[in-house]
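Enquirer: Let me begin by handing over the structure; questions about it come next.
The values are calculated or read from the model by the stated rules, or taken from the named source; none is laboratory data. All figures in this text were calculated on a predicted structure; none of them were measured in a lab. When we count neighbours, we look across all protein chains shown, and the Cβ atoms used for this are built from the backbone with ideal geometry, even at glycine. Ligands, DNA and RNA are excluded from the accessible area calculation, which covers all protein heavy atoms including side chains. Shrake-Rupley method; radii C 1.70, N 1.55, O 1.52, S 1.80 Å.
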Amino acid sequence: MTGQETGPEVTVRPATLGDVDALVGLVVEVAGEGRWIATEAPVDVEERHHTVAEAVQSDHAIVLVAQAGGEVVGDLGLHLARYGVADLGMAVLAGWRGRGVGSALLAEGIDQARAAGAHKIALQVWPHNAAALALYERFGFRREGYLTRHYRRRSGELWDAVIMGLPLD
Ligand SMILES: CC(C)(COP(=O)(O)OP(=O)(O)OC[C@H]1O[C@@H](n2cnc3c(N)ncnc32)[C@H](O)[C@@H]1OP(=O)(O)O)[C@@H](O)C(=O)NCCC(=O)NCCS
């Protein structure tokens, strides 16, 4: 991606241990929005630090960061299950959305999941998350199921979730 419309150039690369603080900061920010991801505020920062550091070093996970002007502006994580499915999660900082960062992360994530031998990528998304649904469908993900009143939020609300999958084989 070049920078004329998007500001600084965005690059996607594997995360390193040096990114862990920024990755934890990203989840704290997006969780703080309260609408898009399963993780809710307040995030247990210390626990998250361990989880992210573990994922970055694991042979069973792929963690990518999108970087712009020296700042981490998005991430994508894939957990590789033994049975061949890669579970996907991703987020882009609010100020960077709608500029192709998510697409760049997802294109690379799909390539890397395939290269790691996964036969499928799976994810869940809130039905109100129109931007995420549009992005996943554009990359060929299909709606495979629907969980009704499934996830209890800290507010006590029960949220539905859409199950999506992308075959890689
Ligand atoms: C979902 C997310 C990762 C997408 O990242 P992004 O950098 O905005 O993605 P892109 O700019 O590459 O593409 C976003 C697409 O959503 C579309 N979009 C944005 N808002 C939309 C809306 N309200 N309704 C429908 N489509 C919408 C854009 O038009 C774009 O599609 P297009 O290129 O075909 O026009 C980002 O919105 C995000 O981080 N959201 C908060 C966290 C989150 O929801 N994570 C996923 C949880 S399952």
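Enquirer: Could you please find all residues in the stretch 136-167 being closer than 15 Å to G89 by Cβ and touching a Phe, Trp or Tyr at 6+ places or on another chain (Cβ under 9 Å)?
Expert: Correct list: Y151, A161, V162, I163, M164, G165, L166.
Enquirer: Something else: For residues that are in a strand (DSSP E or B) and either under 11 Å from P127 (Cα atoms) or in contact (Cβ under 8 Å) with a residue 40 or more places away in the chain (or both), tally how many sit in the stretch 144-165.
Expert: 11
Enquirer: Something else: In a helix (DSSP H, G or I), at pLDDT 95 or above and either under 27 Å from G98 (Cβ atoms) or open to solvent by less than 20 Å² (accessible area, probe 1.4 Å) (or both) - does that describe any residue in the stretch 61-72?
Expert: no
Enquirer: Looking at the stretch 103-126, which of its residues are part of a helix (DSSP H, G or I) and open to solvent by 20 Å² or more (accessible area, probe 1.4 Å)?
Expert: S103, A104, A107, E108, D111, Q112, R114, A115
Enquirer: Out of (1) within 16 Å of the ligand (Cβ to nearest atom); (2) modelled with pLDDT under 95, the odd one out for D169 is which?
Expert: Only one criterion in (1) within 16 Å of the ligand (Cβ to nearest atom); (2) modelled with pLDDT under 95 is unmet by D169, namely (1).
Enquirer: Here's another thing I want to ask about it. Go through the residues of the stretch 30-48 one by one and say whether even a single one is more than 16 Å from the ligand (Cβ to nearest atom), open to solvent by 70 Å² or more (accessible area, probe 1.4 Å), in contact (Cβ under 8 Å) with a residue 40 or more places away in the chain and part of a helix (DSSP H, G or I).
Expert: We begin by selecting, within the stretch 30-48, every residue more than 16 Å from the ligand (Cβ to nearest atom); these are 42, 44-47.
Add one more test, that the residue is open to solvent by 70 Å² or more (accessible area, probe 1.4 Å), and what stays is 42, 44-47.
Filter once more, so that each one left must be in contact (Cβ under 8 Å) with a residue 40 or more places away in the chain: none.
Checked against the condition, which is being more than 16 Å from the ligand (Cβ to nearest atom), open to solvent by 70 Å² or more (accessible area, probe 1.4 Å), in contact (Cβ under 8 Å) with a residue 40 or more places away in the chain and part of a helix (DSSP H, G or I), the stretch 30-48 yields no hits at all.
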